[in-house]
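Data first, discussion second: the structure below is written as structure tokens.
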Amino acid sequence: MMKKKKIIIGATAVVLCITALSSVVVTAENEYKLVRQFGKVSHVVKDAGVSFKVPFIQSTDTLPKEILLFDLQPSDVITKDKKTMITDCYALWQISDPLKFAQTLNSSISNAESRLNTAIYNATKNVISNMNQDEVITSRDGELQEKILAHIGNSLESYGIHLIEVETKQLDLPADNKDSVYERMISERDNMAATYKAQGEAEAQVIRNSTDQEVELILSEAEKNSEIIRSEGDAQYMKILADAYNDEDKQDFYSFVRSLDALKVSIKGENKTIILDENSPITQIFYQ
């Protein structure tokens with residue numbers, strides 16, 4: 001009897017231990033606990049710690065609380081000017097309402113990613129379809145992502161999902177379009193370069209013409225000033241001469257010196273014979 005009693009007590013203790021353990025709910029910092037009763041969510045444990053549930057009747061599911069990454073598959077979109085582009089995006093999201101998430105998506109992360117994929121693709125397609133290819137390319141600095149998020153709006157909140165960010169990893173052209181687009185871009189850049197070069201040459205010619213005119217004006221002014229100075233110098237010279245020879249004696253001396261100079265020039269060379277008229281100024285030297 002004692003042995004049976006010990007067995008019963010031991011079995012009871014094991015059952016109580018299992019019952020106690022099955023009633024404990026341990027919630028970590030980075031997760032939510034969904035407490036279900038007969039398959040339906042009874043309540044949600046959002047705070048980390050230990051809580052309790054009804055053993056054997058209630059069960060628990062776990063949902064992540066941290067920010068999750070969803071990498072979308074590359075997809076084709078068509079721009080407003082009928083150009084095909086390939087977009088490759090990823091999204092950062094978080095479960096904001098675990099109860100809604102469980103009720104609408106059956107607590108499935110894959111269901112949530114499918115809903116995210118549809119919403120983001122549709123928003124991207126609609127946004128890019130209202131933009132030209134050049135506008136799409138120049139909007140990669142953040143403007144495109146803002147438009148995609150604005151288009152999605154709060155539509156995912158009804159699933160208990162908070163969409164934090166949508167980023168474009170790659171925005172490219174189909175392989176068969178790249179060569180033609182690159183050629184067009186090169187042609188446009190060549191035309192721009194030729195335009196800038198022509199404008200630069202025209203401006204350089206204007207500067208050269210203006211400089212040449214300024215040089216001509218400066219030279220003309222310098223020549224005019226030079227003529228004025230020479231004229232003033234000549235006038236001053238003549239005035240000095242006039243002052244120096246303003247009496248008869250000085251005039252005779254000047255004539256005498258000039259005659260000697262003329263005679264000196266005349267007797268150069270081997271022939272030293274000079275025949276002069278008696279009225280010649282040089283002859284008059286010998287009469288003085």
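Descriptive notes on the structure:
- Ranking by accessible area, most exposed first, for Arg258, Arg230 with a 1.4 Å probe: Arg258, Arg230
- Amide H to amide H, with H built 1.01 Å from N, Ser107 comes under 5 Å of Ala102, counting only residues 5 or more places away or on other chains.
- Largest-first ordering by accessible area, 1.4 Å probe, given options Asp97, Asp134: Asp134, Asp97
- 18 Å reach of a label modelled at Ile109, 7 Å along Cα-to-Cβ, counting backbone N of the range 138-174: 160-165
- The length gained by stretching the chain between Asn225 and Ala193 to full extension, at 0.36 nm per residue less their Cα-Cα distance, is 6.8 nm.
- Close Lys pairs in the range 71-189 (alpha-carbon distance under 19 Å; sequence gap of 8 or more, or different chains): 11.
- Legend: residues Asp141, Asp212, sorted from most to least accessible area (1.4 Å probe; ligands, DNA and RNA excluded), read Asp141, Asp212.
- In the range 98-143, trypsin sites (Lys or Arg not before Pro) in a DSSP loop with at most 15 other beta-carbon atoms within 10 Å: Arg140
- When the surface is traced with a 1.4 Å probe over the full set of protein chains, Ile228 keeps roughly 80 Å² accessible.
- Backbone N within the range 191-210 under 20 Å of label point (7 Å from Ile218 Cα along the Cβ vector): 204-210
- Rounded FRET efficiency, nearest 0.05, which uses the C-beta distance separating Asp71 from Asn30 and R0 of 35 Å: 0.95
- Once the 1.4 Å probe is applied to the protein heavy atoms, the range 193-239 comes out at 88 Å² accessible per residue.
The values are calculated or read from the model by the stated rules, or taken from the named source; none is laboratory data. Computed from a predicted model, the values in this text were never measured in an experiment. Glycine gets a Cβ as well: all are built from the backbone with ideal geometry, and neighbour counts include every protein chain shown. What goes into the accessible areas is simple: the full protein's heavy atoms, side chains included, and nothing from ligands, DNA or RNA. Shrake-Rupley method; radii C 1.70, N 1.55, O 1.52, S 1.80 Å.
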